[in-house]
Structures are given as C-alpha cells and as structure tokens.
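Below: the structure, in structure tokens.
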Ligand SMILES: Nc1ncnc2c1ncn2[C@@H]1O[C@H](COP(=O)(O)OP(=O)(O)O)[C@@H](O)[C@H]1O
Ligand SMILES: [Mg+2]
C-alpha cells in the first residue's frame, strides 16, 4: 500500500479478502479485493454516468499480488444508520431528519433508475425473484416450504410486477449503505423491477427483530413512500408503493436465506432461523389475503421467543 496513510475502516462483509480503508485526509475511500471488485467499480462508474447518486470512482489499479484496489470520493460524514444511532437520545424512533435525507437520496436514485430502464428479456423478472430472494437456497434449507402454495405466491408477485420497467439496482439498499449525498457498497448489484430497492429501505428494519435499536413509525414509512410515489410520477411512471407487498414477499425470502444452522447446539441461531420462518409465513399469509404486507405487524425477536417459550411449556 502507498504512503498516504490509509486507515483500515473494516474488513468487507461479503468478500473474503476485501477491506475498506479511508485516506488520512478523509477525502477518499479505498476498497481492496479480487476481480469481483473490479466489476463492482465498473458498474458504479457506469451508473454514476447515468445520474445515480453514487461516489465517483477516482482510481483503480492492480497490485503485484493479483488483488485490486478501487478509490472513490468520500461522501463525507456518517451513514444514515450511524446518524440514527447518534440521534436516538434514549428513545427508539428514527429521527425525521434522517427520513428526509433518505427520501431525498432515494428520489434521486428512483429518478435515475426510471430514466434508464433496460430492455430485458421475458425471464428477467423470474431471474430477479430468484437472485433477490435467494429462493434456491431457501427451498434447499427449508424443503417444507417448497410447496405449490409458496410457488403460487411468488408467481403472483412476479406477475403483479410484469409491467414495471426493469432497472439497475443495489440489492442491499438500506440505511447502513446510504449517506446524505448518495449510496455506497454496490457489490450485490443486479436487475430489478423499478422501486424494489428504494421502497423497502425502512421496511427491512423489522426483519432484524429489534436488534437495530430503532424503528420507523407508520407515519414515517407512509411519508417516505409518498415522496417516492411523487418521484415516480415526475419520471412519468405509476406510483411504486402499491407493489410493496410483492416486493416484501421476495425480501422476506431473502431474509430467510442462509439462516438454517448446521450446529444443533446453537440454540440462538435456531431461534433466529425460526423467527425468519415465522416472518415469512406471516408475510405470505398477509399477501395472499390482502395483496400487501404490513411489517408493523411483525413481532420482535424477543416477543417471538417469549411466545415460543410459552407455547412450548406443558
Ligand atoms: N464513499 C464513501 N464515503 C463515505 N463513507 C464511506 C464510503 N465508502 C465507504 N464508507 C464507509 O465505510 C464503511 C464500509 O464500507 P462498505 O462498502 O459499506 O463495506 P461493507 O461491504 O463491509 O458493508 C461504510 O459503512 C462507511 O462508513
Ligand atoms: Mg456496506
């Protein structure tokens, strides 16, 4: 590494050899990794040119050992997740100021996506459902859920979304990857129906079972969706919020993927797996009945555990 005084920020979550560094003056972030990282940087550069709110790529290179580095501009300050934690002040509710910043970035993202739809083939939606929902893994780990009922619900969701434009998106869109000026961490990017990323930014918080330490109120979630619907309309599209249920059905599969523990002794992991199964089943039941899913009806992990303890007792 060179001598500008890079400081390690963290090892990268989903990449074995990857890490993130910040320069001594804080002006740039450096990611290191394998060839995967180079594809991520090329994608980010392309969508920056399409008007997506993302950091500019400043430099890319290969080191002697065959690994790569990518430098991008710093978007400054804290992620929205860090801001929420800093502003909590003993309570649990998200600050409205953070919701406003989220709405602003998400509107810019949605407009850029809506302006650059892709001419994708007829299988694109089904591929998105598989990629975004990790359905292959979910059915492998939970064979009892591989039923005609579950497959029919997924088919209903994708057919509901048939007329939406397919766009380039993030697939890990949430407060930890969003700053006031844009969206970072594009390693999971993919194709998706317009609105999938942005509509779920606040809806995914309850899937963590309360572990995030904060929640969005129904009013905040509603206000956020209204801003997105307005941005969609401005871009010449129908509102995106009517598809929340279909989006959430796929997202609840994603949250169930890779959850089945291999060690029988890890009761905590077994509980989390059963919790996510419960959320998925709650979601699918709502979606079948109403076409929507209200995440405010999800129990916290603690409430779920207490309820399980009580029902297990003789
Ligand atoms: N361009 C950037 N501007 C500001 N902060 C950044 C930038 N890139 C990364 N960071 C900081 O580094 C952290 C880790 O980066 P990220 O790419 O999200 O790693 P991971 O893949 O492990 O989630 C972020 O949470 C953020 O605090
Ligand atoms: Mg991240």
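Summary of computed values
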| read-out | value |
| --- | --- |
| Strands (runs of 3 or more DSSP E) contained in segment 9-65 and holding at least 1 residues surrounded by fewer than 16 Cβ atoms within 10 Å (Cβ to Cβ) | 57-62 |
| Residues of segment 138-148 classified as in contact (Cβ under 8 Å) with a residue 12 or more places away in the chain and part of a helix (DSSP H, G or I), total | 3 |
| Verdict on residue 306 being assigned to a helix (DSSP H, G or I), assigned by TED's automatic domain parsing to the domain that holds residue 212, surrounded by fewer than 17 Cβ atoms within 10 Å (Cβ to Cβ) and within 20 Å of the chain's Cα centre (by Cα) | no |
| Looking only at segment 74-100, and only at residues there that are assigned to a helix (DSSP H, G or I) and surrounded by fewer than 18 Cβ atoms within 10 Å (Cβ to Cβ), the one that is nearest to ligand 2 (Cβ to nearest atom) | 82 |
| Subset of segment 144-178 (residues that are closer than 26 Å to residue 117 by Cβ and within 16 Å of ligand 2 (Cβ to nearest atom)) | 169, 170, 171, 172, 173, 174, 177, 178 |
| Residue 138 being assigned by TED's automatic domain parsing to the domain that holds residue 104, farther than 21 Å from residue 290 by Cα and crowded, with 19+ Cβ neighbours inside 10 Å | yes |
| Criterion: surrounded by 15 or more Cβ atoms within 10 Å (Cβ to Cβ) and over 22 Å from residue 104 (Cβ atoms) - qualifying residue of 301, 297, 258, 228 | 301 |
| Selection status of residue 187, in the same structural domain as residue 271 (by TED's automatic domain parsing) and more than 16 Å from ligand 2 (Cβ to nearest atom) | no |
| Residue check for residue 270: surrounded by 15 or more Cβ atoms within 10 Å (Cβ to Cβ), without any contact (Cβ under 8 Å) to a residue 12 or more places away in the chain and either assigned by TED's automatic domain parsing to the domain that holds residue 199 or part of a loop (DSSP other than H, G, I, E, B) (or both) | yes |
| Test: residue in segment 23-46 that is touching a residue at least 12 places away in the same chain (Cβ under 8 Å), more than 12 Å from ligand 1 (Cβ to nearest atom) and either under 19 Å from the mean Cα position of the chain (by Cα) or in the same structural domain as residue 178 (by TED's automatic domain parsing) (or both) | yes |
| Lone unmet requirement of (1) under 29 Å from residue 226 (Cβ atoms); (2) within 16 Å of ligand 1 (Cβ to nearest atom); (3) in contact (Cβ under 8 Å) with a residue 40 or more places away in the chain for residue 129 | (2) |
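The values are calculated or read from the model by the stated rules, or taken from the named source; none is laboratory data. On a predicted model such as this, the values are computed, not experimentally measured, just so you know. All Cβ positions, glycine included, derive from the backbone under ideal geometry; neighbour counts span all protein chains shown.
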